[in-house]
Ligand code: AMP
Ligand code: ZN
């Protein structure tokens, strides 16, 4: 039985989609900067859910948005527009910024072998749908106009605060007093914002020129591609109290019913036990890991080492142990490949399935995989591993020889230096190769090159 923890009901529940196809929505990136490894944890989480659904035989209709408009520096409609911040920083138009960072984001997902949804949709491509949504909310009396924009009236939505687990009265009591006295409640949020003339991206609307609030984009994109019944909605825990609360208010009010059934949230990746921050200079991207000699897959393995509902602490020593474990896993795998002994893997297959179906218990699924690989060598085990790999997503097809020619050239030079007894030069070249992430080892017949 497949079970997921639903943040809305705060329970692990049997997962049963409403229809034949699982409808799944994922909050995508705001494309104004390089995605860091914390962001990538959120998309590995999406990948994990998608692969587990497919492993269980489900088909998926999936959507992820790309936020290229309307996200202010605070999730609660305050601060500068994130695209404006980037435009100023890089002296480019917001469209150029969005294109540049969207491409980078897509590349990062490829590097991690992330299974992407069939629809990836930019907010700027659905402005008419967003305006329809806003207009309907106004017509139905859920939203009102002020001099700044169109606001959702949270008093009209009884369940407001349910997902974040906060009683709205408590929330109001603890609120920073909102300076906007045109708003009926400080927690009313903008679904359409009237644009000052100088605002970078703006569109015509029944209320003059403006741009969408951040939350409405997800409600409108979800409706456009998935309709009014969505089985799973994912995002990071930071989205729970504001962004997802607001999405629920908008969508459920418009449809007059609960739109999303299962809400799933991934906990944060921390670095060295704390938040990633500019001042600590510890915001890492995949490239930073690569520059230190790690493979992208090492980070994928690292993701599986903790349950998604727990904070995961990133350190280079933890990433190193992920790399070593993955190396070991691959080494064991090869030893099984093509070996003639018969082996009945069904007990392991069942254990593996139970682990992934128990709310994506990947640490257990990995342990089961390694335990199986320690059995007597058999190609049946290799075949079972390939099946598990539909979830794990590692590259077992890696060619023996994927050493870059530059490294081979350096290794040859080093060997020649050694043969000529120029040990200073050969040591220097060995270190250079090491810095580039490879190790040369001398053998009786000559030398070998391996990845560090
Ligand atoms: P953003 O591009 O800021 O909208 O974030 C993209 C996704 O990354 C969202 O689902 C966030 O919840 C998630 N996210 C941001 N920081 C972290 C982190 N440190 N760990 C895990 N997920 C994160
Ligand atoms: Zn969203």
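The values are calculated or read from the model by the stated rules, or taken from the named source; none is laboratory data. Since the model is a prediction, treat every value here as computed from it, not as a measurement. Virtual Cβ from ideal backbone geometry, glycine too; neighbours counted across all protein chains shown.
I'm trying to understand the selection: among the residues of segment 11-22, which are surrounded by fewer than 17 Cβ atoms within 10 Å (Cβ to Cβ) and either touching a residue at least 60 places away in the same chain (Cβ under 8 Å) or within 16 Å of ligand 2 (Cβ to nearest atom) (or both)?
First, pick out the residues of segment 11-22 that are surrounded by fewer than 17 Cβ atoms within 10 Å (Cβ to Cβ): 11-14, 16, 18-21.
Once the filter is applied, which keeps residues that are surrounded by fewer than 17 Cβ atoms within 10 Å (Cβ to Cβ) and either touching a residue at least 60 places away in the same chain (Cβ under 8 Å) or within 16 Å of ligand 2 (Cβ to nearest atom) (or both), segment 11-22 yields 12, 13, 18, 19.
State whether the residues of segment 294-306 include one that is at pLDDT below 95, within 12 Å of ligand 1 (Cβ to nearest atom) and out of contact with any strand residue (DSSP E or B) (no Cβ under 7 Å at 6 or more places or on another chain).
Taking segment 294-306 first, the residues at pLDDT below 95 are none.
No, that holds for no residue.
I'm told residue 228 meets every condition in (1) within 13 Å of ligand 1 (Cβ to nearest atom); (2) surrounded by fewer than 20 Cβ atoms within 10 Å (Cβ to Cβ) except one. Can you identify the failing condition by its number?
(1)
Here's the yes/no breakdown for (1) more than 28 Å from residue 303 (Cβ to Cβ); (2) surrounded by fewer than 18 Cβ atoms within 10 Å (Cβ to Cβ); (3) in the same structural domain as residue 47 (by TED's automatic domain parsing):
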site	(1), (2), (3)
347	no, yes, no
368	no, no, no
381	no, no, no
405	yes, yes, no
415	yes, yes, no
418	yes, no, no
426	yes, no, no
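Out of segment 189-226, which residues are within 18 Å of residue 144 (Cβ to Cβ) and in contact with a helix residue (DSSP H, G or I) (Cβ under 7 Å, 6 or more places away or on another chain)?
189, 191, 192, 205, 206, 212, 215, 216, 219 - these are the residues of segment 189-226 that are within 18 Å of residue 144 (Cβ to Cβ) and in contact with a helix residue (DSSP H, G or I) (Cβ under 7 Å, 6 or more places away or on another chain).
Here are some residues: 49, 60. Which one is away from ligand 1 (no atom under 15 Å from the Cβ), at pLDDT 95 or above and within 22 Å of the chain's Cα centre (by Cα)?
Within the list 49, 60, the selection yields 60.
When the residues of segment 230-258 are filtered to those that are away from ligand 2 (no atom under 13 Å from the Cβ), touching a residue at least 24 places away in the same chain (Cβ under 8 Å) and not in a helix (DSSP H, G or I), which remaining residue is nearest to residue 51 (Cα to Cα)?
So, considering only residues that are away from ligand 2 (no atom under 13 Å from the Cβ), touching a residue at least 24 places away in the same chain (Cβ under 8 Å) and not in a helix (DSSP H, G or I), the one nearest to residue 51 (Cα to Cα) is 232.
Given the options 273, 227, name the one that is away from ligand 2 (no atom under 16 Å from the Cβ) and closer than 30 Å to residue 18 by Cβ.
227
Filter segment 354-384 down to the residues that are under 24 Å from residue 263 (Cβ atoms), touching a residue at least 24 places away in the same chain (Cβ under 8 Å) and part of a helix (DSSP H, G or I) and list them by number. Steps first, answer last, please.
Kept after step one, since they are under 24 Å from residue 263 (Cβ atoms), are these residues of segment 354-384: 354-365.
Keeping just the survivors that are touching a residue at least 24 places away in the same chain (Cβ under 8 Å) gives 356-363, 365.
Correct list: 356, 357, 362, 363, 365.
On the basis of being more than 16 Å from ligand 2 (Cβ to nearest atom) and modelled with pLDDT of 95 or more, does residue 89 make the cut?
So residue 89 does not fit the description; no.
Quick check on residue 264: is it closer than 30 Å to residue 10 by Cβ and assigned to a loop (DSSP other than H, G, I, E, B)? Give the derivation first.
Details: closer than 30 Å to residue 10 by Cβ: yes; assigned to a loop (DSSP other than H, G, I, E, B): no.
Considered against the rule, which asks whether it is closer than 30 Å to residue 10 by Cβ and assigned to a loop (DSSP other than H, G, I, E, B), residue 264 comes out as no.
Just checking, which of 110, 92, 88 is free of Cβ contacts under 8 Å to residues at least 12 places away in the same chain and part of a loop (DSSP other than H, G, I, E, B)?
Going through 110, 92, 88 in turn, the sole match is 92.
If you scan segment 419-450, which residues turn out to be touching a strand residue (DSSP E or B) at 6+ places or on another chain (Cβ under 8 Å) and part of a helix (DSSP H, G or I)?
Scanning segment 419-450 gives 430, 433.
Among 25, 43, which is the only one that is within 24 Å of residue 354 (Cα to Cα), in the same structural domain as residue 220 (by TED's automatic domain parsing) and within 14 Å of ligand 2 (Cβ to nearest atom)?
43
Given the conditions (1) away from ligand 1 (no atom under 16 Å from the Cβ); (2) touching a residue at least 40 places away in the same chain (Cβ under 8 Å); (3) buried (at least 19 other Cβ atoms within 10 Å of the Cβ), which single one is not true for residue 322?
Status for residue 322: all satisfied but (2).
Being outside any loop (DSSP other than H, G, I, E, B), within 30 Å of residue 295 (Cα to Cα) and within 16 Å of ligand 2 (Cβ to nearest atom) is the requirement here; does residue 48 meet it?
No.
With respect to the numbered conditions (1) more than 13 Å from residue 124 (Cα to Cα); (2) touching a strand residue (DSSP E or B) at 6+ places or on another chain (Cβ under 8 Å), which one is the sole condition not fulfilled by residue 198?
Of everything listed in (1) more than 13 Å from residue 124 (Cα to Cα); (2) touching a strand residue (DSSP E or B) at 6+ places or on another chain (Cβ under 8 Å), residue 198 misses just condition (2).
Looking at (1) more than 8 Å from ligand 1 (Cβ to nearest atom); (2) surrounded by fewer than 23 Cβ atoms within 10 Å (Cβ to Cβ); (3) under 13 Å from the mean Cα position of the chain (by Cα); (4) farther than 19 Å from residue 224 by Cβ, which is the only condition residue 39 fails?
Here residue 39 clears every test but (1).
Determine, yes or no, whether residue 35 is in contact (Cβ under 8 Å) with a residue 60 or more places away in the chain, in a loop (DSSP other than H, G, I, E, B) and touching a helix residue (DSSP H, G or I) at 6+ places or on another chain (Cβ under 6 Å).
Spelling it out, residue 35 is indeed in contact (Cβ under 8 Å) with a residue 60 or more places away in the chain, in a loop (DSSP other than H, G, I, E, B) and touching a helix residue (DSSP H, G or I) at 6+ places or on another chain (Cβ under 6 Å).
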